[in-house]
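Below is one structure, written out as C-alpha cells; comments come after it.
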C-alpha cells in the first residue's frame, strides 16, 4: 500500500497540521517542501507515494509545478490543496493529472478520506 | 482534533504575513503597477484566511476574505492601489494584528470589527478620487523590473528554529562567566608555574573563543528584522503632515546583534519622526527654495569592520549652528564664551542636551516619543557614537555608529584614585602624556594645544568627584584623547594600566544611576571594573 507522503506548502503552520493529521492515520511524511524549487529537489531524493501540493506557492505557478512533478515522478499520486473558490484551477489540475483535490480549510477526516480513497 | 498545539505557530506565521503585508502596501503606493507585489499581497491575505479557517478564527477569516476580494479587483486591473484604498488595507492589517494579539494572549477580550468589515465590503474606488483608472493600466515595464527585484520570500525551513531572546542572553552570560573564569584560571596557573596545565589551558582558551563566536553568531539578525515597520511609519507621518516623502532603506541585509537591534529601533523611529516633522519643509517651502516638491529620507545601514553605521539623511532645511547656540545660551545650557569656541559639529550636538528641546518647539508628533537626549543615551548605552552633520538648506545626517556585537568590547583600562575604569577602545583615538604646565585655563575650562588644535582637558578624578591629586606627582600627566560625538577631548588619568577584552554587564537600578558609568565587568582576579560613559563624563 502506498504510504509515504511529501507535503508541499509554503506555510509551516499548514505543513505541521497536515503532518499531525497524517501521522495519526499511519502515513509516513517522508519529505516537506516550502517552495517549488525545494519540492522538485526533494522529489528526486524521496520518491513519495503521495504528494500533497498547495497550488499557491511563492516561487512557482502551482500548475506548472504539477506538470513538472508528474513528468519527473509519474508514479507519485498528486493531491492538490487549494482554497475555496477556485473551480477553474482545480479542473485544470485534474486535467493535468492530479488524482484528487482537498479544499482549504479542511477537516482531518476530509484529508484522510481523500488519501485513503487514492489507495483503492 | 485539538488545534491548541498549533496556536503559537499560527500566531508567529500570521504576524509574519501581516508585517510583509503592510510593507508591500507602502511599497505599492510608490510603484502602483508592481503586479508581482500585488500578487504577493493577495497571497498573504489568502494564506492568512486559509490558516485562520483551519483554526476556526472566524473574525480573521472574514476580514482577510474581504481584503482578498478587494485585492483581486486590483489584480484584475479594475482599479489601482491609491492612498484611500491603501489606508483601508493598512487599517485592516492593523485590526488583524490586534486580533492575532488577542489569540496569542488567549484573552476573552473582543475586538469590534463591524465598522471595518462594513468599510471593506462597501469600498468603492470610484466614489473617491481615482484619476485615470482605466486609461492607465499597470505598466509592463514596471512589472519586469519589479519582479526581478522581487525575490522569493524567505520561507520557514527545518534548518532553522526559533529561540527566545532570553535563552540567547543566558548563553551569552554563561559564556562571559566562562571567559572570566578562564582568565582567573590562567592567572593562577601562571602564578603556580604549573607547566602541565598550560596545554589544556591553551585548548580551553581556544574552545571558549570558538564558543563565544558561535553564541554571538546565533544572536545576529539582519537589519530587516526591525526595518519592516519604518516605511509604514514614514508614510503615515508624512500623510498626517501633508508632506510628500520618498523613503528608502539601504543595507537591510546587514546583520547586528539582536539585543542592539531591539534597543536601536526606537531611537531610529524618533530620528525618522524628527526628519519628517522638523527636517523636511512643507511642499510650498520646498518649491520656493527651488527643491523638488517631495522630500527624500534615506536610511542607510553599512558595515565598517566590527562596527555598523546607521545613517538617516534628509534633504530638508538643515540646522543653523548659530540659532542652536543662541537657543542654548538662552536656556543657560552654555555660556556665551563657550558658544564662541564651539565648532558647528559641537553646536549640532546641543540638540542632544537634556532640556534643549521644549514643549514649545516640539509638535504633537515628535513630542510624545523620546527626545534627542534619549536617542543619544540609547546609542551610548550600546557603546556607540552618535554624530550629526547638517547644512543649512541642504539637510541633515544622523550617524549612529554601533558595535556589531554587544557585551564583549576591547577597552583601555585606566586608574583614577581607587577605581579602575575601562574606556571602550572605539572612542579612544590615542593616548598622550600632557605636560602639566601646558594645561591652560580659560573661563573655568582647561585645555591644551595639541598639534595646533585647542583641545579641552578633563580630569577623570574631578569628573568622578574624587579628590584632586596632591600635586606631588610628576610633571607629565597621562591622558586619553577621546572622540566625543565628533569632538576630541583629553581625559587626564592617574595611570594607564593596559588593554583588555572585557565582558560588559549593564548596571541595574540603583547602580544604573551612577554618574559617568555605563556598565561594569569583573576582572580575571575578581575585581570590579567600571566602564566609562564618556559623554556623561564630558558633560561634567
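The values are calculated or read from the model by the stated rules, or taken from the named source; none is laboratory data. Please read all numbers here as calculations on a predicted model, not as lab measurements. FYI the Cβ positions are ideal-geometry reconstructions off the backbone, even for glycines, and counts take in every protein chain you see.
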Original post:
Considering the range B:245-258 alone, what residues qualify as being modelled with pLDDT of 90 or more, surrounded by 15 or more Cβ atoms within 10 Å (Cβ to Cβ) and farther than 20 Å from residue B:16 by Cβ?
Top reply: B:245, B:247, B:251, B:254
Subject >> Restricting the range A:1-11 to residues that are buried (at least 18 other Cβ atoms within 10 Å of the Cβ) and part of a strand (DSSP E or B), the residue that is farthest from the other protein chains (Cβ to nearest Cβ) >> reply: A:5
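For (1) under 33 Å from the mean Cα position of the chain (by Cα); (2) buried (at least 20 other Cβ atoms within 10 Å of the Cβ); (3) within 14 Å of chain A (Cβ to nearest Cβ), each residue gets a yes or a no:
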site: B:19; (1), (2), (3): yes, no, no
site: B:34; (1), (2), (3): yes, yes, no
site: B:58; (1), (2), (3): no, no, yes
site: B:81; (1), (2), (3): yes, yes, no
site: B:86; (1), (2), (3): yes, no, no
Original post:
If you take the residues in the range A:12-26 that are in contact (Cβ under 8 Å) with a residue 12 or more places away in the chain and crowded, with 23+ Cβ neighbours inside 10 Å, which one is nearest to the other protein chains (Cβ to nearest Cβ)?
Top reply: A:14
Subject >> Qualifying position, being more than 11 Å from every other protein chain (Cβ to nearest Cβ), modelled with pLDDT of 90 or more, out of contact with any strand residue (DSSP E or B) (no Cβ under 9 Å at 6 or more places or on another chain) and in a helix (DSSP H, G or I), among B:27, B:15 >> reply: B:15
**OP:** Report the residue count in the range B:141-182 for those that are out of contact with any helix residue (DSSP H, G or I) (no Cβ under 8 Å at 6 or more places or on another chain) and at pLDDT 80 or above.
**Re:** 3
Original post:
Of the numbered conditions (1) surrounded by fewer than 18 Cβ atoms within 10 Å (Cβ to Cβ); (2) in a loop (DSSP other than H, G, I, E, B), residue B:104 satisfies every one except a single condition; which is it?
Top reply: (2)
Subject >> Residue list for the range A:58-76, restricted to those being within 12 Å of residue A:98 (Cα to Cα) and within 14 Å of chain B (Cβ to nearest Cβ) >> reply: A:62, A:65
Subject >> strands (runs of 3 or more DSSP E) contained entirely in the range B:408-478, each with at least 3 residues that are touching a strand residue (DSSP E or B) at 6+ places or on another chain (Cβ under 7 Å) >> reply: B:408-416, B:419-424, B:428-435, B:445-450, B:453-459
**OP:** Determine, yes or no, whether residue A:50 is touching a strand residue (DSSP E or B) at 6+ places or on another chain (Cβ under 6 Å), within 12 Å of chain B (Cβ to nearest Cβ), in contact (Cβ under 8 Å) with a residue 24 or more places away in the chain and closer than 18 Å to residue A:71 by Cα.
**Re:** no
Subject >> Test: residue A:55 is touching a strand residue (DSSP E or B) at 6+ places or on another chain (Cβ under 7 Å), within 14 Å of another protein chain (Cβ to nearest Cβ) and closer than 28 Å to residue B:1 by Cα >> reply: yes
Original post:
Out of the residues in the range A:27-41 that are within 11 Å of another protein chain (Cβ to nearest Cβ) and outside any strand (DSSP E or B), which is surrounded by the most Cβ atoms within 10 Å (Cβ to Cβ)?
Top reply: A:34
**OP:** Please tell me if residue B:53 is over 35 Å from the mean Cα position of the chain (by Cα), buried (at least 16 other Cβ atoms within 10 Å of the Cβ) and under 17 Å from residue A:83 (Cα atoms).
**Re:** yes
**OP:** Find the residue count for the range A:77-120, including only residues that are more than 14 Å from chain B (Cβ to nearest Cβ), in contact (Cβ under 8 Å) with a residue 60 or more places away in the chain and not in a helix (DSSP H, G or I).
**Re:** 2
**OP:** Determine, yes or no, whether residue A:49 is closer than 25 Å to residue B:35 by Cα and touching a helix residue (DSSP H, G or I) at 6+ places or on another chain (Cβ under 9 Å).
**Re:** no
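Residues checked against (1) within 14 Å of chain A (Cβ to nearest Cβ); (2) modelled with pLDDT under 90; (3) surrounded by fewer than 14 Cβ atoms within 10 Å (Cβ to Cβ):
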residue	(1), (2), (3)
B:65	yes, no, no
B:69	yes, yes, no
B:77	no, yes, no
B:92	no, no, no
B:95	no, no, no
Original post:
Restricting the range B:217-228 to residues that are in a helix (DSSP H, G or I) and under 15 Å from residue B:301 (Cβ atoms), which is modelled with the lowest pLDDT?
Top reply: B:225
**OP:** Taking residue B:41 as the residue in question, decide whether it is closer than 20 Å to residue A:34 by Cα and away from chain A (no Cβ under 12 Å).
**Re:** yes
